[in-house]
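The structure under discussion appears below in the form of structure tokens.
The values are calculated or read from the model by the stated rules, or taken from the named source; none is laboratory data. Owing to the predicted nature of the structure, the values given are computational and were not obtained by experimental measurement. Neighbour counts are summed over all protein chains in view; Cβ atoms, including those assigned to glycine, are modelled from backbone coordinates with ideal geometry. The area values use the complete protein model at the heavy-atom level, side chains included, leaving out ligands, DNA and RNA. Shrake-Rupley method; radii C 1.70, N 1.55, O 1.52, S 1.80 Å.
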Amino acid sequence: TDLRPLDILSEVVPAGGLARSMRVFQVQGMRGFQLNASQPRALGFPASRLFIHCDRFPEEFSIIVTLRVPRAPTKRNEYLFTLMAEESSSVLLGLRYAPGKLHFLFWSQEHNGIWQNRVTFPNVSLSDNQWHTLILAVSGQSFSLTVDCSIPKDIVVETPFPSSLSVKRASFYLGSRRRRKGVFTGLLRQLVLLPGADATSQICTTMNFKVEMLSVPTVLRGLPKKPPSNEVLKYPYETDTKVTLGSRPPCTKQEKAQFWFNASQRGLFLCNGSTWISMLEVKQRLDYVEEYQNLVTNSETMGVEVFTIPKVGLFAATANRYTLPGSAIYKWIDGKFVPYQNIPTYQAQSWKYFTIGKKIFLAVANFEQDDRGQELSVIYKWSRRKEKFITYQRITTHSARDWEAFVIEGEAFLAVVNHREGNNHNIDSVIYRWNPRTGLFETNQTIPTSGAYDWEFFTIGPYSFLAVANTFNGTSTKIYSHIYIWLSGSFQLFQSILTTGAADWEVFHIGDRVFLAVANSHSYDSGMPAPSNFYAINSSIYELNITAQMFVKFQDLLTFSALDWEFFSVGDDSFLVVANSFDGFTFSVNSIIYRWQGYEGFVAAHHLPTVGCRDWEAFHTAEGSYLLYSSAKEPLSKVLKLKTT
């Protein structure tokens, strides 16, 4: 063979139609074949149709598969494809999926007599109703599997792939081993053999790793065209789409590509995996912002967290300065936040809501010692019986500023920002890993930080990142903040960015572009002359440069002791709101909403009077979209409503 992709899937599709043993389904905007288990032989073809000039299987090759496996766990092995000799029931070569595993089978007569070899890749989780692309690269004793362009799983075995595997009088079978038992029950979109090359470099070139294609049958490409006159579609297909009526249903990955019809507003909405997108209504545009609710708090508020507990409601947790009556949790009732629960805290700085399975947690970062002289931050767990948060785990921290919760490869983590210990600002912040056996968070990794204020976790493709906002090293606020990347089971330094009293990182996406904004709070250096204004300084927005594999500065914006950025969208428009807290003279400073203007970058659109603004949260209800800001200088936070046209 020459070194061109050999499209196994296309060979099964008859010219001008479909095989009777396959149907086309469109799911999440992509088409795939569903196979009929009753006629497995109908989905076969002679290997000689691919191997025209040579009857030997290539010694080095890649197999590329794009598939969608149902969420319902199967208890049996299912074959993606096999290569079988016509006079034998043995599998010369094949790919088989089992729950959490992928098996590559091959016949190696020259090494093992008449024995079949199996290379098993463990921890391959595909049963999630999502599209995935697998790349299996084979060369001698080396076998490498890449899933969705993540880090390859490499295996070296004793028995190499044979150098002269004969394909005479052999046939390929799609989705089976020529039997009804073990037929693949998911959807297949791509099945390609690439001789002589590792296909990873050809596939993993875009941000949309899961759906990158090397060769796809014509019937599965693009969207159906409108047939002329009375002619029916050349390739009929089906979708597993449904329309939900009534009140707003949840929109998660499970509901992706499903529709919701709002009869009261006569609107049709499509779930994109996280939010409902209007399909029939005119896109809303932000017109102006109005004051909606004065939220009287227990004391000055350092941070606020808005979250939804399924089947319970919308809540806001305020991190309040004073121990008594502590910090408060408010519930959204009849269009307003009303007091719901008080929790004792010690100069609380922030809250973090997160879930692990069905468990619901809320963690507070305490800045001061408790009544016993201990510095403890606390994780609270939601009690479904009491409908309250109750103490779950106490963790020793040092002037904690922030918690960040995230999941990597199915494991849950919780990272705390330790600001200082006594007068020493150069201390370790800690990343904890959830231990499912003990049901507790345990220390997993420590990272040196300098007067740190904030963690920000984000993912780009298959990679996970954690950015820390370093604020003060004991002598200067002009120090490096760092971005770490998860590699080989721990976070490793990816990039350092010079910041000035960094207090917050905010990551956001606009289209395919990835941005990272830093809020710079104040400029101070003990070895330099004092500036005219410590607090009127630039905060910066960085954009990911894929080619350079680093974040590069995109835009500077003048801010006044900025402490927080919050990204939100209205219709098709994107916005950033900054928490300006102090201009060097007064805490009564305008915080600003910036509108994304494409080539112009972010442009100031709305100036909002705030007092010691510390934190912003954007949230949505059935009645509209809102912003909530917390004040670190008065016991009053405000809910603002976004008025749209």
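Probe of 1.4 angstrom, ligands and nucleic acids ignored: what's the accessible area per residue over the range 286-644, in square angstrom? Before the final figure, lay out each step's value.
Details: 15100 Å² over 359 residues.
Counting only protein heavy atoms, the per-residue value for the range 286-644 is 42 Å².
What FRET efficiency, computed as 1/(1 + (r/R0)^6) with R0 = 30 Å and r the Cβ-Cβ distance, is obtained for E59 and K153, rounded to the nearest 0.05?
Working: r = 21 Å, r/R0 = 0.71.
FRET efficiency, E59 to K153: 0.90.
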Taking 7 Å along the Cα-to-C-beta vector as the label spot, tell me the D583-S90 distance in nanometres, rounded to one decimal.
8.4 nm
Return, in residue-number order, each cysteine of the chain whose C-beta is not under 4.7 Å from any other cysteine's C-beta.
C54, C613
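Could you sort the peptides 23-34, 47-58 by per-residue average Cβ neighbour count (10 Å cutoff), highest mean leading?
Working: 23-34: 19.2, 47-58: 15.4.
Final packing ranking: 23-34, 47-58.
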Starting from the Kirkwood radius over alpha-carbon pairs of the range 505-645, derive D by Stokes-Einstein at 4 °C in a medium of 1.567 mPa s and give it in µm² s⁻¹.
81 µm²/s
Taking a quarter of the surface of the convex hull around the Cα atoms of the range 384-482, what do you get in nm²?
8.1 nm²
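Accessible area of the chain with a 1.4 Å probe: how many percent of it is carbon plus sulfur?
Working: 14650 of 29610 Å².
On the chain, the fraction of accessible area on carbon and sulfur atoms equals 49 percent.
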What number comes out for the charge environment of L440, summing +1 per Lys or Arg and -1 per Asp or Glu over other residues with Cβ under 13 Å away?
+4
From the convex hull of the Cα coordinates of the range 6-205, what is the mean projected area in square nanometres?
11.1 nm²
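Mean separation of Cα pairs under 8 Å and 6+ residues apart, divided by the residue count of the chain: what relative contact order is that in percent?
Worked out over the chain, it gives 9 percent.
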When all C-alpha to C-alpha distances in the range 469-577 are sorted into bins of 5 Å, what percent of pairs does each bin hold, rounded to whole numbers?
2, 11, 20, 21, 18, 14, 8, 4, 1, 0
Mind running the shape call on the range 286-644? Use the C-alpha gyration tensor, a ≥ b ≥ c as the square roots of the eigenvalues: rounded below 1.5 for a/c, prolate if a/b tops b/c, oblate otherwise.
rounded
Roughly what would the spin-label model give for E543 and D371, points 7 Å off Cα along C-beta, in nm?
5.5 nm
Can you give me the solvent accessible area of S166 with a 1.4 Å probe, rounded to the nearest 10 Å²?
40 Å²
Cα gyration tensor of the range 270-376 diagonalised, 5x eigenvalues square-rooted, in angstrom largest first, produces semi-axes 32, 18, 12
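In percent, how large is the relative contact order of the range 262-368, given Cα pairs closer than 8 Å and 6 or more residues apart? The partial results should precede the final answer.
Working: 200 pairs, mean separation 18.2, N = 107.
17 percent.
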Quick one: if you stick a label point 7 Å off each Cα along the C-beta vector at K101 and H509, how many nm between them?
3.4 nm
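When you count, for each residue, the other Cβ atoms within 10 Å and take the mean per peptide, how do 547-559, 183-195, 463-475 rank with the highest first?
Taking the mean over residues of other Cβ atoms within 10 Å, the ranking is 183-195, 463-475, 547-559.
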Helical mean residue ellipticity (222 nm; -39500 (n - 2.57) per DSSP H run of 4+; nearest 500) of the chain
-500 deg cm²/dmol
Does the range 302-455 come out rounded, prolate or oblate by the C-alpha gyration tensor, with a ≥ b ≥ c the root eigenvalues, rounded set by a/c under 1.5 and, if not, prolate when a/b is larger than b/c and oblate if not?
oblate
Burial-style ranking of 404-414, 342-352, 77-87, average other-beta-carbon count within 10 Å with highest first, yields 342-352, 77-87, 404-414
On the full set of protein chains, 1.4 Å probe, figure out the accessible area of H398 and give it in Å² to the nearest 10.
50 Å²
Taking square-rooted eigenvalues a ≥ b ≥ c of the alpha carbon gyration tensor, is the chain rounded, prolate or oblate, where a/c under 1.5 means rounded and, failing that, a/b exceeding b/c means prolate?
prolate
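Just need the relative contact order of the range 6-205 here, percent rounded to a whole number, with Cα pairs under 8 Å and 6+ apart. Don't skip to the answer; put the middle values down first.
Working: 472 pairs, mean separation 67.7, N = 200.
Result for the range 6-205 is 34 percent.
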Over the range 434-524, volume per residue of the alpha carbon convex hull, in Å³:
119 Å³
